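Below: the structure, in structure tokens.
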Amino acid sequence: MISIKSENEIQIMRRGGKLLAKILADLAKKTIAGKTPLDLETQAEKLFNQYGAIPAFKGYRGYPNICCISTNHEVVHGIPNSNIFKNGDLVKIDCGLTLEGLNTDAAVSVIVGGEIAGSEKTKLLNQTTKKALNKAIHLVKPGTKLGDIGHIIQQIVETAGLTIIRDLMGHGIGYDVHEDPPIFNFGKKGTGIALKPGMTIAIEPIVCAGERFIKTLENRWTIITKDNSLACQWEHTVLVTNHGHEILTAHDPF
């Protein structure tokens, strides 16, 4: 069942989204060589306490941490560990925030050491995934079909010679972190549910440089590419407005 948010609910999600954007921007800046995923997790805890918000992921379906931090061939749901970041690593930081019972969700990918430190493949993957997200968001307005969103993401990714990881997708969001409808990163134009004002959705292209097949590690959370190819994720929570859209988790550095 797809939830249409009231103006009051939207205001809460707007405030939560701004806080989450600040947290992710801070964590992205601190993703540098010599630091670890656990360092970022510690910083996230400090910021959540500072802002008086609740981490949406911690305890969700048993997940043990505030952030999902996945490096290189780790795709999503990476449990923060003590592995040291090095220049050229591609680090995905995915985080959710709960404010007054309503959730927002966003993810960024960071090349440690900046673009100059990344391989050509790493830069292409990161830039293409971010471009796919932005182009998909640009289509969001009343009447747009979910197939249109999936199609544009698929078109941009595959034109660049990269691969959609089809087993992972975006989703509706609100009182639950994952609500209907699923937002696939592939599809056919003109098909699927039509967007309506008041819908809030998390769009998240999840892309790899090799084959699309994935597996889950023994920790039951961290998902990796089977062929150990690089993977990338970008995500925003987006509101469908009367005439277009609003990115609830937007922040200038992104």
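The values are calculated or read from the model by the stated rules, or taken from the named source; none is laboratory data. These figures come from a predicted structure and were not determined experimentally. Every residue, glycine among them, receives a Cβ derived from its backbone with ideal geometry; neighbour counts consider all protein chains shown. Ligands, DNA and RNA are stripped out before the accessible areas are found, and what is left, the full protein with its side chains, is counted by its heavy atoms. Shrake-Rupley method; radii C 1.70, N 1.55, O 1.52, S 1.80 Å.
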Quiz item: Which residue fluctuates the most in the chain, going by a Gaussian network model with Cα springs under 10 Å, if the choices are 16, 59, 170?
Solution: 59
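Just to confirm, what accessible area per residue do you get for the stretch 116-254 at 1.4 Å probe, in whole Å²? Please list the in-between numbers first.
Numbers: 6380 Å² over 139 residues.
Accessible surface, normalised per residue, equals 46 Å².
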Quiz item: Whole-Hz Karplus ³J(HN,Hα) for the stretch 203-214, in order, using 6.51 cos²θ - 1.76 cosθ + 1.60 and θ = phi - 60°, x for Gly and Pro?
Solution: 9, 8, x, 10, 10, 9, 8, x, 7, 7, 7, 10
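For the pairs 86/121; 18/130; 18/86; 22/226; 92/123, note any where the Cα-Cα span goes beyond 25 Å. Mind dumping the intermediate values first?
On the way: 86/121 17 Å; 18/130 19 Å; 18/86 29 Å; 22/226 33 Å; 92/123 14 Å.
The pairs that break the limit, which is 25 Å between Cα atoms, are 18/86; 22/226.
Leaving out ligands and nucleic acids, note down the accessible area per residue over the stretch 1-49 with a 1.4 angstrom probe, in whole Å². Let's see the in-between values first.
Working: 2460 Å² over 49 residues.
Counting only protein heavy atoms, the per-residue value for the stretch 1-49 is 50 Å².
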Self-check item: Distant alpha-carbon pairs in the chain (separation over 31 angstrom), percent
Solution: 18 percent
Quiz item: Starting at 0 and stepping by 10 Å, how many percent of the alpha carbon pairs of the stretch 163-254 end up in each bin?
Solution: 15, 39, 33, 13, 1
Exercise. Compare the peptides 182-190, 209-217, 226-234, 105-113 by average per-residue count of other Cβ atoms within 10 angstrom and give them in order, highest first.
Key: 105-113, 226-234, 182-190, 209-217
Quiz item: What is the log10 of I(q)/I(0) for the stretch 1-52, computed with the Debye formula using one identical point scatterer on each Cα and no solvent, at q = 0.23 Å⁻¹?
Solution: -0.84
Quiz item: If only Cα atoms are counted, what is the Rg of the stretch 43-89, and what is its Dmax, in Å?
Solution: 12.3, 34
Quiz item: So, with a 1.4 angstrom probe, what is the percent of accessible area on the chain that is carbon and sulfur?
Solution: 52 percent
